[in-house]
1. What FRET efficiency, computed as 1/(1 + (r/R0)^6) with R0 = 30 Å and r the Cβ-Cβ distance, is obtained for E139 and T64, rounded to the nearest 0.05?
2. What's the local net charge at T3, with K and R +1, D and E -1, over the other residues with C-beta under 11 Å away?
3. Based on the mean of other beta carbon atoms within 10 Å per residue, what is the order of 135-148, 108-121, 69-82, most packed first?
4. Quick one: what are the phi-derived ³J(HN,Hα) couplings along the stretch 19-24, Karplus 6.51/-1.76/1.60 with θ = phi - 60°, whole Hz, x for glycine and proline?
5. Quick one: which residues, 5 or more positions from V10 or on another chain, have an amide H under 5 Å from its amide H? H modelled 1.01 Å from N in the peptide plane, none for Pro or chain starts.
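Throughout, read-outs are computed from the coordinates displayed, never taken from laboratory work. Source: prediction; values computed, not measured. Reconstructed Cβ throughout: ideal geometry from the backbone, glycine too, with neighbour counts over all protein chains shown.
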Amino acid sequence: MRTRQILCPVDFSEESEHALEYAIELAALYKVKLRLLHVISKAYGEDITTLPHHEENFGIVAVTQAQLQQHMQAYASEKIHALLQQLHPEQQLEVLIRRGSAAGQILEEAESANVGMIVVGCHQRTALAHWLLPSVTEEIINKAKCPVMVVK
């Protein structure tokens, strides 16, 4: 773990940013590269009425699929840029934006990049929301082949 890079998935939530603080400290401590990964949910390209897993607002979106995908890509790029402004310039860093299942893309990246640890934030949700929407963090914990640090 101490010689391999750290993967930190970011969804721009408060919990995610808190996890990023830990990932930055660990990467600096072990002098390893930090990989930031944001996943644009596959659901956006398939069904424009679905919302990200961490949101409990079940609304209807009235835009085309192409418009929504373009908006989500621009939003992700803007938020990643804002996160990068907070990091130290000497930090070894790689930023990735992917599309697909959040847990699937995180696990795939962890395995393909042979990361030493995943540092992920955990959302506080109601029992009903937890039952209706499976937890990405739980899936990562259960399926990752490397250590996973969960930050609340």
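1. Numbers: r = 30 Å, r/R0 = 1.00.
Calculated value: 0.50.
2. Numbers: positive: R2, R4, K31, K33; negative: none.
It works out to a net charge of +4.
3. Ranking, from highest mean packing down: 108-121, 135-148, 69-82.
4. Ordered by residue, 3J(HN,Hα) equals 5, 4, 4, 5, 4, 4 Hz.
5. The answer is L37, H38, V39.
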